Amino acid sequence: MNNQKLPFLLGENVDDKTKFEVDLAHLPNLLIGGTRGQGKSALLEKIIRSLQERMSYRELQFVLFDPSHVEFCQIEEGYFSRTLITSPEKMMLELERLDAEIEKRLTMFAQARCRNLADFNARPGRERNTHTCSHSTIVPYIVVVADDMTELIAEEGVKVRTLIRRLTARARAAGVHFIMSVRSMDPTTMQVFPLDNFPARIAFKTWSAADSTALVGVEDAKDLSRLGEFIFRRGVDRPIHCHLKADDMA
C-alpha cells in the first residue's frame, strides 16, 4: 500500500479507462450527492468492500448509518464498531459518542507525544491488541459511512450541523474519517458540510446546474446520462469523470 493508509478503489476514469484509487486518509472526508437511484448506495458499498479487502478488522472499524435498513446487510459484522444504525436518533447518539472518542484519542496521542494515529501505532514497543485503548495498543481507524443524511439533517438542524462540523474538523488526526451521502443540495443541507472539512466531493446526476455546482463547483453533473456516472473533485483540483462498473451496480 506504500504510504497509503486507507486506500480504496473509487471507480474507473472515463477518459483513460484506468482504475481510479484514492486514500481516504488524505481526503480526509468525502461527501456524495445526486438524485435518487443514480448509484450513491452502490458506491458506498464498493468503498466499504474495497477497504475490507485491504485492511483487517483489527486495523479498521466502521460506523454504518442506513435509514433504509437494507443497503449494508452484506457487510461482515466483525468490522462494525457498533451494530448497524438505522434511526436518526441513534445516529445522533453515535456522533456524540464519536466526539468523546476523538477527544480521548487526541489526549492519548498527546500524552504519547504522537501527532496522529499513524504515529501512535508506529511507536516502538506497542502490542497489537484492539480491545483496549492504552499506550500499549494498536488503535483502529474508524470510518463513518452514512447512506443518506437528508432526513437526519431535516430533523436535527443546527444541532447536527454543529456536531458534524466539530467532528470533521478534529477527526483526521484521531484516525476517524467520514463518508456521507445526501439527496438534497439545498443551502440548509450544504451548510452541514463545509468545504474545508469535506474537500473531497462526488456528484452523481443532479436535478440542476445549481445542485452540481454546490457539490463539485462545476455544472457537469446535471448532464450525466449513464447510471453510475459521477464527477469526483477534491478542493480546487480538476474534476475527474468516473463511473461504476455494471457489477458494482448489481
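Listed by first and then second residue, the pairs with beta-carbon distance under 9 Å, at least 6 apart or on different chains, first residue in the stretch 171-199 and in contact (Cβ under 8 Å) with a residue 12 or more places away in the chain and hydroxyl-bearing (Ser, Thr, Tyr), second open to solvent by 20 Å² or more (accessible area, probe 1.4 Å) and part of a loop (DSSP other than H, G, I, E, B), are 181/148; 188/157; 189/183.
Could you tell me whether residue 138 is open to solvent by 10 Å² or more (accessible area, probe 1.4 Å), β-branched (Val, Ile, Thr) and out of contact with any His (no Cβ under 8 Å at 6 or more places or on another chain)?
Yes, satisfied.
Is at least one residue of the stretch 181-198 farther than 13 Å from residue 215 by Cα and either of a type in the set (A, V, I, L, M) or open to solvent by less than 20 Å² (accessible area, probe 1.4 Å) (or both)? Scanning the stretch 181-198, I find no residue that is farther than 13 Å from residue 215 by Cα and either of a type in the set (A, V, I, L, M) or open to solvent by less than 20 Å² (accessible area, probe 1.4 Å) (or both), so the answer is no. A single entry from 56, 41, 81, 87 fulfils the requirement of being crowded, with 17+ Cβ neighbours inside 10 Å, over 30 Å from residue 226 (Cβ atoms) and not hydrophobic (A, V, I, L, M, F, W, C): 81.
If I filter the stretch 63-75 for residues that are acidic (Asp, Glu), open to solvent by less than 10 Å² (accessible area, probe 1.4 Å) and under 29 Å from residue 211 (Cβ atoms), do I get at least one hit? The answer is yes; a qualifying residue exists. In the stretch 146-164, the qualifying residues are those that are open to solvent by 10 Å² or more (accessible area, probe 1.4 Å) and within 24 Å of residue 218 (Cα to Cα), and the one that is farthest from the chain's Cα centre (by Cα) is 150.
I'd like the residue in the stretch 74-116 that is assigned to a helix (DSSP H, G or I) and among the hydroxyl-bearing types (Ser, Thr, Tyr) and, out of all such residues, is nearest to residue 149 (Cα to Cα). My answer is 79. Scanning the stretch 44-63 for residues that are more than 18 Å from residue 84 (Cα to Cα) and not in a loop (DSSP other than H, G, I, E, B) gives 50, 53, 54.
Annotation note: Cβ proximity below 8 Å between a residue of the stretch 89-101 that is closer than 10 Å to residue 160 by Cα and a residue that is open to solvent by 70 Å² or more (accessible area, probe 1.4 Å) (sequence gap 6+ or interchain) occurs for 92/159. Selection of the stretch 224-241 for residues being of a type in the set (A, V, I, L, M, F, W, C) and either open to solvent by 50 Å² or more (accessible area, probe 1.4 Å) or in contact with a Cys (Cβ under 9 Å, 6 or more places away or on another chain) (or both) yields 227, 230, 231, 232, 236.
The values are calculated or read from the model by the stated rules, or taken from the named source; none is laboratory data. On a predicted model such as this, the values are computed, not experimentally measured, just so you know. Every residue, glycine among them, receives a Cβ derived from its backbone with ideal geometry; neighbour counts consider all protein chains shown. Areas reflect the complete protein model, heavy atoms only, side chains present, ligands, DNA and RNA absent. Shrake-Rupley method; radii C 1.70, N 1.55, O 1.52, S 1.80 Å.
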